[in-house]
Amino acid sequence: MQDKITILGIPFDNMTRKEFLKQLYLRMEHKEKTFLVTANPEIVMYARNHPSYYNLLMEADYIAPDGIGIVRAARKLDTPIKERVPGFELMMGLLEIANLNQKRVYFIGAHEEVVNQTVKNVGKKWPDIKIVGHRNGYFNHTDPEVINEVRAARPDIIFVAFGFPKQEQWIKTYLEKADHGIAVGVGGSFDVLSGNAKRAPYLVQRFHVEWLYRLLKQPSRYKRMLALPLFIKEIYKQKKKEKAK
Ligand code: UDP
């Protein structure tokens with residue numbers, strides 16, 4: 001099995017959720033700075049059209065295959081990926097590890113009431129986590145004061161929920177200044193953890209139609225969701241190119 005599977009220019013780490021968590025735990029123990037990205041087809045397409053975001057992703061220590069779209073694309077290109085590693089599940093795993101090892105965690109992002117509720121819920125479910133700070137995601141993301149404040153809290157894990165590309169841009173600047181910590185962009189996860197938004201029901205997840213579920217719940221997202229058919233089209237193009245070689 002290959003260590004990295006490149007899909008439309010994005011090198012995904014070919015690891016199971018368990019393997020990701022093991023590596024992340026080791027890096028946490030060694031106090032190694034870690035930039036973790038969980039990339040879905042939307043992110044891959046965005047990086048394709050935005051070179052500066054692409055370059056940012058190239059600086060990540062790990063890129064996890066977030067979503068069935070990536071797994072299917074890998075299979076189609078005859079470079080199968082072990083399993084899908086949803087960002088939300090990686091976050092749950094990291095919280096579990098943090099709880100077992102009394103790690104320091106910082107939550108930054110989402111609206112004030114959402115992040116407050118997230119912190120409350122996390123504290124109840126994982127009482128041994130040291131929640132060393134939280135802040136909403138509506139501030140000037142280039143403000144160095146915020147970086148100093150988060151850094152001063154010395155978190156082992158920082159969950160950043162601004163949605164892409166903002167969260168990855170902030171993480172890069174943060175990690176340049178920090179001396180340790182695992183930083184990961186978690187999109188709308190605080191909305192789910194706080195109970196403000198529900199994850200798709202089990203059957204929807206089981207049949208991999210989360211995209212349809214989201215579209216029906218939030219029709220305003222349709223523009224962003226056009227990335228998925230475009231992604232599939234690009235994968236077919238790529239496949240054709242390889243066949244012609
Ligand atoms: N968000 C934020 N700051 C911003 C923009 C968004 O904290 O400047 C939060 C937003 O409240 C939500 C999360 O980022 O909790 C994800 O937003 P969105 O649904 O737009 O992104 P996606 O999940 O689609 O990547």
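The values are calculated or read from the model by the stated rules, or taken from the named source; none is laboratory data. From a predicted model like this one, the values you see are computed outputs, not experimental measurements. FYI the Cβ positions are ideal-geometry reconstructions off the backbone, even for glycines, and counts take in every protein chain you see. Surface accessibility is based on the protein's heavy atoms, side chains included, excluding ligands, DNA and RNA. Shrake-Rupley method; radii C 1.70, N 1.55, O 1.52, S 1.80 Å.
What to note about this one:
- Extreme residue, nearest to Q205 (Cα to Cα), among residues of the range 40-78 that are of a type in the set (A, V, I, L, M) and open to solvent by 10 Å² or more (accessible area, probe 1.4 Å): I68
- Qualifying residue in the range 1-11 (condition: part of a helix (DSSP H, G or I) and either modelled with pLDDT of 95 or more or open to solvent by 70 Å² or more (accessible area, probe 1.4 Å) (or both)): no
- Among residues of the range 110-127 that are open to solvent by 40 Å² or more (accessible area, probe 1.4 Å), those with a Cβ under 6 angstrom from a residue that is in a loop (DSSP other than H, G, I, E, B), sequence gap 6+ or separate chain, pair up as H111/N136; E112/N136; Q117/S194.
- Restricting I182, I232 to residues that are away from the ligand (no atom under 16 Å from the Cβ), open to solvent by less than 50 Å² (accessible area, probe 1.4 Å) and hydrophobic (A, V, I, L, M, F, W, C) narrows the list to I182.
- Residue ID - nearest to the ligand (Cβ to nearest atom), chosen from residues in the range 128-179 that are open to solvent by less than 20 Å² (accessible area, probe 1.4 Å) and of a type in the set (F, W, Y): W170
- Test: residue in the range 102-117 that is away from the ligand (no atom under 16 Å from the Cβ) and under 30 Å from K243 (Cβ atoms): no
- Count - residues of the range 79-96 that are more than 16 Å from the ligand (Cβ to nearest atom) and surrounded by fewer than 20 Cβ atoms within 10 Å (Cβ to Cβ): 8
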